Each structure stands twice: as C-alpha cells, then as structure tokens.
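The values are calculated or read from the model by the stated rules, or taken from the named source; none is laboratory data. What you see is a predicted model; the values in this text were computed from it and never measured. Cβ coordinates were reconstructed from backbone atoms using ideal geometry, including for glycine residues, and neighbour counts include every protein chain displayed. Accessible surface is based on the protein model in full, side chains and every heavy atom, while ligands, DNA and RNA are left aside. Shrake-Rupley method; radii C 1.70, N 1.55, O 1.52, S 1.80 Å.
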Amino acid sequence: VIFACLGRPTAPPLTREGLFCLLMNKLDVINEMLATMGQASINSLTEENSFRDTGLKRLDLCQRRILSRGFWFNEEDRTLTPDTYGIIAVPNDMLELRNRKSAHVQYTKRGDKVYNRSQSTYVHEGAITVPIVYNMDFDELPILAADYIGAVAVYEFQMNYDADQTKTRQLDARKREA
C-alpha cells in the first residue's frame, strides 16, 4: 500500500542490515544509486560522475509520477487568475488539476493552459479556484514520502543499469518497506 503510513506523524526507524535507512535528500538517493553500481559516493550534486545526471532524471521522473497521484501534503485549492486575454497559464509546479464532483464547470490541464471543458474554451471570464496537485522540492517532502520516492528511484535505476537479481530482491524489499 503506497504511503499507507504517511498520515502518521512518526514512523519506526528502518534498520535492516545491508539496506539503507531513510533517504533524506537528493544526494543520499544518488549515492544509493551509485552504490548499486559499485561506484564511490559523491560529495555534492555538482560533482562529476557518469551516472549522476541519469540518477537525477530517474529521481525526478519517479517523484513526478508518484506525486501526481495527490496526497495530503501536495494537494490544495488554488486560485488561478487569467491574463488580459482570459488565458490561465498552468503554474510551473502543477502536476494535475482536479475537479470537484459537485462542480458545475469542469477544467483540465492542456499543455501550459487551463481548458474549460464545460464551455469548450481556453478563455476564462475571471479567476477560478480549483484543487491542484503540485510538485515539491524533494528536500521539502515529508520524510516518508521522500523515502518512498527515493527507494522507487533507486530500484528503477538499478533495474535499468545492473539488474543483479540479489540486489533487485533487496531493493524490492526496501521499496515495499518504505
């Protein structure tokens, strides 16, 4: 069950021998990815490594995919205001635009604009308030969310580059534990 325990304020520490504990920041995640390849850790995200950029891309992809589901920490009502032409630009951090079942007007994200599905137009007469699912900086995520996203990213990275069955089983267990 994904994020089953994210509603709890605390969680027991993970202390499985041979596996990692809670992944706190991007550098920790990248270093775990490098460790699956038998590579030395890096000291900063600006340090050169042939797998660093690939790891960062994998982490970003996993984060966007998982967070787009919407959770208590990244979903809120936002008021979006149209420009002088009536166009509402999609906020840069928006992953999904949701509609309430009781809403009389239905909106959707189309490209970089908000589309009014009920009236079949991009032009809005005024501001709208809608539930938004948004992306967050990895370091600002709740610890359990960051840990889960990090575990999934490490697992997928390892599957793409090494796919050693023993490592895969360990990482899969780690991902389920997160």
Query raised in the report: Taking I66 and the conditions (1) open to solvent by 90 Å² or more (accessible area, probe 1.4 Å); (2) modelled with pLDDT of 95 or more, which numbered condition does it fall short on, given that it satisfies the others?
Result: (1)
**Report entry** Residues of region 45-69 satisfying the condition of being touching a Leu at 6+ places or on another chain (Cβ under 7 Å) and in a loop (DSSP other than H, G, I, E, B)
**Finding:** L45, N49, F51, S68
Query raised in the report: If you take the residues of region 97-149 that are of a type in the set (G, A, S) and part of a loop (DSSP other than H, G, I, E, B), which of them is modelled with the lowest pLDDT?
Result: S102
Query raised in the report: Just wondering, is there one or more residues in region 91-105 that are touching a Ser or Thr at 6+ places or on another chain (Cβ under 8 Å), buried (at least 16 other Cβ atoms within 10 Å of the Cβ) and touching a residue at least 40 places away in the same chain (Cβ under 8 Å)?
Result: yes
Query raised in the report: Of the numbered conditions (1) open to solvent by 50 Å² or more (accessible area, probe 1.4 Å); (2) out of contact with any strand residue (DSSP E or B) (no Cβ under 8 Å at 6 or more places or on another chain); (3) hydrophobic (A, V, I, L, M, F, W, C); (4) over 16 Å from M136 (Cα atoms), F51 satisfies every one except a single condition; which is it?
Result: (1)
Query raised in the report: Could you count how many residues in region 153-164 are surrounded by fewer than 18 Cβ atoms within 10 Å (Cβ to Cβ) and either under 30 Å from I87 (Cβ atoms) or among the polar types (S, T, N, Q) (or both)?
Result: 1
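Would you be able to tell me the number of residues in region 133-152 that are β-branched (V, I, T), touching a Lys or Arg at 6+ places or on another chain (Cβ under 7 Å) and buried (at least 22 other Cβ atoms within 10 Å of the Cβ)? Please lay out each step first, then the result.
From region 133-152, those β-branched (V, I, T) are 133, 143, 149, 152; that's our starting set.
If we keep only those that are touching a Lys or Arg at 6+ places or on another chain (Cβ under 7 Å) as well, we get 133, 152.
Among the residues that remain, those that are also buried (at least 22 other Cβ atoms within 10 Å of the Cβ) are: 152.
Number satisfying all stated conditions: 1.
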Report summary line: The lone condition L14 fails out of (1) at pLDDT 50 or above; (2) part of a loop (DSSP other than H, G, I, E, B); (3) open to solvent by less than 70 Å² (accessible area, probe 1.4 Å) is (1)
Query raised in the report: Going by the structure shown, is V152 part of a loop (DSSP other than H, G, I, E, B) and at pLDDT below 95?
Result: no
Query raised in the report: Would you call R117 touching a Phe, Trp or Tyr at 6+ places or on another chain (Cβ under 7 Å) and surrounded by fewer than 14 Cβ atoms within 10 Å (Cβ to Cβ)?
Result: yes
Query - region 17-43: number of residues that are at pLDDT 90 or above and either under 18 Å from E140 (Cα atoms) or open to solvent by less than 40 Å² (accessible area, probe 1.4 Å) (or both) - result: 10
